[in-house]
Each structure stands twice: as C-alpha cells, then as structure tokens.
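Worksheet: the structure to be examined is printed underneath.
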C-alpha cells in the first residue's frame, strides 16, 4: 500500500484546504485526516464528505487551558499514529504545534502552509521543523526569520490560500435557499477569534458593535451570524433575537457569493468573499499583508483595526454604497495563482 498523506486540521479554513488536497490526491494516496473539535471545523469536513478522525479540542482563552489542551492533543495524536503503525509520507499542516511535534518526533517530513506570521508562538513551535514552508508571495520570507534559520525552505505563490477552493462560479444557490435566504438581501457576520493568543481588541465584540450600527439600516432578520464559541452564540441570540445563527456548516463560498456584504472579525471569510466580488470588511486587530495584497489588486475589501465614530461611518458607507461588478472581480481572481499545484508538487518530491 502507498504511504499515507497526513493532514491535520484545526480550523474551518484548514478544513476547507484539506478538502481540496483530499480531492486532488485521494486517488493516488490513502489519507489520514485528523481534526480538532472547534468551531465549524468538523462540520465542514462532514459537509464535503471527507473522512476524518476527531482528536482534541480548543483550550479556551487562558494560557493554562491552551497548554493542557495542546499537550493532551499531542499525546493523543502520537498514540493514534504509533498504535496503528501508519506509514506516512508526510504531514501537511497549516501550522499545528501538536501535529508538527508528533511528525518531527517520528521522523515524518513536514510541509507547513501559513499566511499568519503574526502568530508568533505557533510559528516558533512549527516552522523550524518544516521541510517546506508555503506562503503567499505578498509576505516577505524575512518576516519568518525569527523562526526559520534556513529561508531556502520557503516556497511562495502569487495568490492567497482562499483561492484553493474557489472552483465553481457561480456556485449553486440551492444551499442558500434551503436555509431561507435570498441572494443579495442578507449580511454575513463572522465573529472574531476572541480567545486566540494574538487577539488584541479590548472592546467586547467589534463585530457586534458594527452589527448594532447596521441594524438601524438593514432588517435584523437578514443578519446571518457565524459564532466561534458558545458564549458568542448566547450573546448573539440575546442581542439579535430575530437574526439567524448558523448551527450547521454551509459552503462558505455559496454563503459569501450571494451575500450583500460580509463583516468578519477574522480574515478568511472576508478574503473569500472579496475574491468573488462581495463587499467585505475585516476587523482583524492586526496588520495583515494578505488584506493589503487584495486591496492593491483591486478587490472590494476594507480592513479596520480600530473602531471609532468615523470608522463606523466608513463601514456603513462601504456596505451601503458598494456596487456589484462581479465579472470585474472574477477577472482579477483568475489572475491569482492557485497554491494547490505547488502543494502537490512538494508532497510528491518528499521521500522518507
């Protein structure tokens, strides 16, 4: 039997990347996909019928919780692989400290995909062990030098990771209709990753603050919320009782393509939506090269790292006045490089 490809998945974005790697290579290799119980991660894999093993969960906001969850998951992954005597060709990981530690300890080659050099601690725990590191060209490899002594391991592509799953345009609208939404009439709100180590907003929720402002302009019944944690879901239901809260995973491409606009505390959904021409706002609290890259290329994306009266008015104006030029943006999308061929090439080049 061929050697297994091991993909470890921590977030919905990573799950979506794993889906495309699985689709591209599952006829050539057997797969081992391990996934953390967090957010919509497992539901995304189930939505696309990709087999996985759920191991470990999120450690919450505290350092103690993160440490214990990470240590426990590392042990679970190691036991799972060792006990089943898997012969693994390589690990593909959007940096997972637990999976990288296990792969390094077992002598398994490692490919790390990343566009988040700001995730300092995770980068320190993963990038030094990688055989190859794949990053968007808009990120200067020197920004990884704090964790990577040999930058010759870095491979770049002229695009963003989100393009990897944008294949069917326009996407089928059935999924939107099934949850009672009408194209061009709803706003998507993706909650911030408030418990991440890099998160720095001091206010309760920038996404909910923007949603509260827009409630005076748009009907709350057309608000679609995507929470990350149960406490966020509880707060949304209390604050916006007539809004929709997504409990199951839907194809995010379909959701963002037909939305009036997308407002998110992270980056992935904003990138994805902007790539297909949907006005997008990210409230990610740090400088992010990918946002600047997409803006330079002309995609409808705004990035705010502070919220005051002036910027709130800018958000409202952007959502209200943005015009649809779908074909223009799809033409720009076609100019971007899909990272999947590079990833496949690197996988095939590795030998145990």
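The values are calculated or read from the model by the stated rules, or taken from the named source; none is laboratory data. Remember, predicted model here, so these are calculated numbers, not experimental data. So basically every Cβ, Gly included, is an ideal-geometry build from the backbone, and we count neighbours across all protein chains shown.
Among the strands (runs of 3 or more DSSP E) contained in the range 1-103, which hold 3 or more residues that are more than 21 Å from residue 123 (Cβ to Cβ)? Steps first, answer last, please.
On the way: elements: 4-9, 31-37, 53-57, 88-93.
Strands (runs of 3 or more DSSP E) meeting the threshold: 31-37, 53-57.
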Point to revise | the range 328-352 residues that are within 10 Å of residue 90 (Cα to Cα), paired with ones that are assigned to a loop (DSSP other than H, G, I, E, B) (beta carbon under 6 Å, 6 or more apart) | key: 350/109
Check your understanding: Looking at the range 280-324, which of the residues that are free of Cβ contacts under 8 Å to residues at least 60 places away in the same chain and assigned to a strand (DSSP E or B) is surrounded by the most Cβ atoms within 10 Å (Cβ to Cβ)?
Key -> 280
Point to revise | Residue list for the range 83-102, filter: more than 20 Å from residue 37 (Cα to Cα) and either buried (at least 18 other Cβ atoms within 10 Å of the Cβ) or at pLDDT 95 or above (or both) | key: 88, 89, 90
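Just to be sure, is residue 162 surrounded by 18 or more Cβ atoms within 10 Å (Cβ to Cβ) and either touching a helix residue (DSSP H, G or I) at 6+ places or on another chain (Cβ under 9 Å) or not assigned by TED's automatic domain parsing to the domain that holds residue 272 (or both)?
Against the criterion (surrounded by 18 or more Cβ atoms within 10 Å (Cβ to Cβ) and either touching a helix residue (DSSP H, G or I) at 6+ places or on another chain (Cβ under 9 Å) or not assigned by TED's automatic domain parsing to the domain that holds residue 272 (or both)), residue 162 qualifies.
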**Study point:** the range 180-198: number of residues that are at pLDDT below 90 and surrounded by 15 or more Cβ atoms within 10 Å (Cβ to Cβ)
**Key:** 5
Review point. In the range 74-97, is there at least one residue being free of Cβ contacts under 8 Å to residues at least 40 places away in the same chain and under 26 Å from residue 341 (Cβ atoms)?
Key: yes
